[in-house]
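The values are calculated or read from the model by the stated rules, or taken from the named source; none is laboratory data. Computed from a predicted structure; not experimentally measured. Note that each Cβ is placed from the backbone with ideal geometry, even for glycine, and that neighbours are counted across all protein chains shown. Ligands, DNA and RNA are stripped out before the accessible areas are found, and what is left, the full protein with its side chains, is counted by its heavy atoms. Shrake-Rupley method; radii C 1.70, N 1.55, O 1.52, S 1.80 Å.
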Amino acid sequence: MPYSIGRVFMFRVPEGVELLRYLNNYAEENGIKMGVVNVIGFLKNVKLGYYDISSGKYIVNELNGYYELASGMGNISLKDGKPFTHLHVVLGDRSARSYAGHLIEGTVQVAEVYIQEIIGEPLLERKHTTGNLWLWPIQ
């Protein structure tokens, strides 16, 4: 299915808010139904998910304290009719150790965001039949 590039959004997220909730609200307020998301910055008290394919569930790893958000990449799609941000991150601690995974939750200390809107028939997130994953349909 052909898609085209829409609007570009660049902004900083306010300190102290939960990142995914903010991105979902921002997308809804700006009518973004699909997009590509990149984010860098600093998060605190983060929950990262690792999808355990054998159990069909996320293992949640909690990281307390502050972490450099070296890279955040993901997308925006529709889930239950509302924008849903799916974001994977790489975080670093003060010893230069890195942690990576599916962002479940994280409080913003600093977050600079780039969203590239995608125009076309919305890709709907659908629950995968073998587990608890919400995925785009195969085309």
* Loop sites only, by DSSP: take the trypsin sites (Lys or Arg not before Pro) in the chain that have at most 11 other C-beta atoms within 10 Å and name the longest stretch containing none of them. => 1-93
* To do: Apply 1/(1 + (r/R0)^6) to the Cβ-Cβ distance of N61 and V90, taking R0 = 22 Å, and write down the FRET efficiency to the nearest 0.05.
  => 0.95
* Roughly how many debye, to the nearest 20, is the charge dipole of the chain about its Cα centre, given +1 on each Lys and Arg Cβ, -1 on each Asp and Glu Cβ, and no other charges? -> 160 debye
* **Accessible surface ranking that places the most exposed of H88, H102 first, with a 1.4 angstrom probe** => H88, H102
* Asked: Considering lysine pairs in the chain that are 8 or more places apart or on different chains, how many have Cα atoms under 26 Å apart?
  -> 14
* **Overall dimensions of the stretch 1-99 as given by Cα atoms, namely Rg and Dmax in Å** => 14.9, 45
* Under a 1.4 angstrom probe, counting protein chains only, how are T85, T107 ranked by accessible area, largest first? -> T107, T85
* Express in % the proportion of alpha carbon pairs of the stretch 43-93 at distances exceeding 14 Å. => 63 percent
* Asked: Points 7 angstrom from Cα along the Cβ direction at E121 and E29: gap in nanometres?
  -> 3.2 nm
* Quick one: what are the phi-derived ³J(HN,Hα) couplings along the stretch 62-73, Karplus 6.51/-1.76/1.60 with θ = phi - 60°, whole Hz, x for glycine and proline? => 9, 10, 8, x, 10, 9, 5, 8, 5, 7, x, 10
